[in-house]
Amino acid sequence: MPEKLNILFAIGSLDIGGAEAQMAALISRLHDRRFFCHLFVLQKEGYLKQYIRDLGVPTYDGGLERGDLLKAPWKLIPAQLRLIRILLLVRPVVVHSFLPLVTCMGALGGRLTRVPLVITSRRALGTHQERYNILRLLDLAANRLSHLVTVNSRAVWEDTVQRDHIDPAKLALIYNGVDVSTFDSARSSRRKTREILGIGSTEKVIIVIGNLIPYKGHGDLLKAASEALTSVPQALFLFAGEDRGIGGRLEKMAAELGVSSRVRFLGLRHDIPQLLAASDISVVASHEEGFSNVILESMASGLPVVATRVGGNPEAVVDGVTGWLVPPRNPTAMAEKIIDLLNDIKKAEFWGRKGRERVRKRFSIERMVHAHLKLYGEALN
């Protein structure tokens, strides 16, 4: 392909999230190299917006504020028209859209403006279709209008085929990637971060990273914590993530279980590599997952992982090699595996090293970017 072809990415917001982070990492390594990137985002503001702008990427928004999708859905009409105008102005060779609703908007706009390659991305299992019927229709429309649909795990692939009856030949599997160097460099901050957080030298830290949303399973982990603490009283549980409406309930639950003194709710954090470096075990308690960035980040940090056997988690964690897989909604099983790793430091450290090696070989950011470049190149050619 000739150099510096225009590509336009589209997404709903630039808040911190797995899809947003993966898209930003992809843009940062494509922009002004093989492609000149542009970005359309529905919402005006977001944490990653300045990062994207600092890359020199032209950014356009759809004019929506947070909450407008529920309060003022009519704003989607001018946003769609604006996206079409931008596509006509930029004339990209690729339009690549992420997450429900925006995938349909991007695919529709791309087809109407005759973009050569229209790609949408499915980043999670399609349970959102069960919560909002309209999203199923929009997903089906996006599938039909797209030339290709990328998925980030075999589990998402199978779920998309089963739910949407899409032609598997239209799907492309590209796993998420992580910049291992970021987490390697943070390891030296372990002692300092623990001091800042007031963590004692004998305390064993179990961290869960994820916004406080019901399906992330924080309640299950609190129950597991109450069981684990009876065997390992020096365990300390850190909950890092933005409160999306259930924080008060979780704090009340911690008090009722008698574990408040051993549980800390840290809120939204921008120092995840440092928090992981300060920890000993990472737990992913989700009831559903497409493919967890947190698992990759934890493994890149050299932590053994205890994760629920849902979605793409088994594709990342090798059970009994880099961590433990447990049934979802089963606090007792989760507690048993946490206790196992806390009581066997050598095994925990060895599994952490194996996890870091696995990320370097299979889930590096370079591998993810190369897969996208190959996909774009082959499809355009």
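The values are calculated or read from the model by the stated rules, or taken from the named source; none is laboratory data. It should be emphasised that the depicted structure is a prediction, and the values quoted were computed from it without experimental measurement. Note: ideal-geometry Cβ built from the backbone for every residue, glycine included; neighbour counts use all protein chains shown. These area figures cover heavy atoms from the full protein model, side chains too; ligands, DNA and RNA do not enter into them. Shrake-Rupley method; radii C 1.70, N 1.55, O 1.52, S 1.80 Å.
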Inset, instruction - Could you please give the count of residues in the range 299-310 that are under 22 Å from Val151 (Cβ atoms), out of contact with any Asp or Glu (no Cβ under 6 Å at 6 or more places or on another chain) and either open to solvent by 10 Å² or more (accessible area, probe 1.4 Å) or of a type in the set (S, T, N, Q) (or both)? - result: 2
Legend entry - Selection count, the range 45-67, where residues are free of Cβ contacts under 8 Å to residues at least 12 places away in the same chain and open to solvent by less than 40 Å² (accessible area, probe 1.4 Å): 1
Inset, instruction - Would you mind stating whether Pro73 is open to solvent by 30 Å² or more (accessible area, probe 1.4 Å), under 11 Å from Phe40 (Cα atoms) and of a type outside the set (Gly, Ala, Ser)? - result: no
Legend entry - Any strands (runs of 3 or more DSSP E) falling wholly within the range 1-115 and containing at least 3 residues that are hydrophobic (A, V, I, L, M, F, W, C) and in contact with a His (Cβ under 7 Å, 6 or more places away or on another chain): 5-11
Legend entry - Condition broken by Gln162, with the remaining ones in (1) at pLDDT 95 or above; (2) within 21 Å of the chain's Cα centre (by Cα) satisfied: (2)
Inset, instruction - Out of Ser201, Ser181, report the one residue that is part of a loop (DSSP other than H, G, I, E, B), free of Cβ contacts under 8 Å to residues at least 24 places away in the same chain and either open to solvent by 10 Å² or more (accessible area, probe 1.4 Å) or in contact with a Cys (Cβ under 9 Å, 6 or more places away or on another chain) (or both). - result: Ser201
Inset, instruction - Provide a single number: the residues in the range 85-115 that are closer than 19 Å to Thr150 by Cα and open to solvent by less than 80 Å² (accessible area, probe 1.4 Å). - result: 20
Inset, instruction - Please find, within the range 210-258, the residue that is farthest from Val283 (Cα to Cα) out of those that are hydrophobic (A, V, I, L, M, F, W, C) and open to solvent by 30 Å² or more (accessible area, probe 1.4 Å). - result: Ala255
Legend entry - Filtered residues of the range 239-253 (kept if in contact with a helix residue (DSSP H, G or I) (Cβ under 7 Å, 6 or more places away or on another chain) and not in a loop (DSSP other than H, G, I, E, B)): Phe239, Ala240, Leu250, Met253
Inset, instruction - Tell me which of these Asp139 doesn't satisfy, since it passes every other one: (1) open to solvent by less than 50 Å² (accessible area, probe 1.4 Å); (2) under 27 Å from Val359 (Cα atoms); (3) of a type in the set (D, E, K, R). - result: (2)
Legend entry - Residues satisfying the stated conditions in the range 254-288, i.e. within 16 Å of Ala21 (Cβ to Cβ) and either of a type in the set (Phe, Trp, Tyr) or assigned to a helix (DSSP H, G or I) (or both): Ile272, Pro273, Leu275, Leu276
Legend entry - Hits in the range 116-140 (condition: β-branched (Val, Ile, Thr), out of contact with any helix residue (DSSP H, G or I) (no Cβ under 9 Å at 6 or more places or on another chain) and either part of a strand (DSSP E or B) or closer than 30 Å to Arg309 by Cβ (or both)): none
Legend entry - Test: residue in the range 23-33 that is open to solvent by less than 60 Å² (accessible area, probe 1.4 Å) and closer than 27 Å to Trp74 by Cβ: yes
Inset, instruction - May I ask you to say which residue of Ser121, Ser146 is under 13 Å from Thr160 (Cα atoms), surrounded by 21 or more Cβ atoms within 10 Å (Cβ to Cβ) and among the hydroxyl-bearing types (Ser, Thr, Tyr)? - result: Ser121
Inset, instruction - Being at pLDDT 95 or above, in contact with a strand residue (DSSP E or B) (Cβ under 8 Å, 6 or more places away or on another chain) and either under 22 Å from Ile365 (Cα atoms) or buried (at least 22 other Cβ atoms within 10 Å of the Cβ) (or both) narrows it down to one of Leu8, Leu14, so name that one. - result: Leu8
Legend entry - Inter-residue pairs, beta-carbon under 9 Å, first closer than 15 Å to Ser301 by Cα and among the β-branched types (Val, Ile, Thr) and in the range 360-381, second part of a helix (DSSP H, G or I) and open to solvent by less than 10 Å² (accessible area, probe 1.4 Å), 6+ apart: Ile365/Leu26
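Residues checked against (1) over 15 Å from the mean Cα position of the chain (by Cα); (2) over 23 Å from Pro214 (Cα atoms); (3) among the aromatic types (Phe, Trp, Tyr):
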{"site": "Ala277", "(1), (2), (3)": "yes, yes, no"}
{"site": "Ser286", "(1), (2), (3)": "no, no, no"}
{"site": "Gly302", "(1), (2), (3)": "yes, yes, no"}
{"site": "Arg309", "(1), (2), (3)": "yes, no, no"}
Legend entry - In the range 221-238, the residues that are farther than 21 Å from Arg269 by Cβ and either in a helix (DSSP H, G or I) or among the hydroxyl-bearing types (Ser, Thr, Tyr) (or both): Lys223, Ala224, Ser226, Glu227, Ala228, Leu229, Thr230, Ser231
Legend entry - Any helices (runs of 4 or more DSSP H) falling wholly within the range 311-381 and containing at least 2 residues that are open to solvent by 40 Å² or more (accessible area, probe 1.4 Å) and out of contact with any strand residue (DSSP E or B) (no Cβ under 6 Å at 6 or more places or on another chain): 331-343, 345-362, 365-380
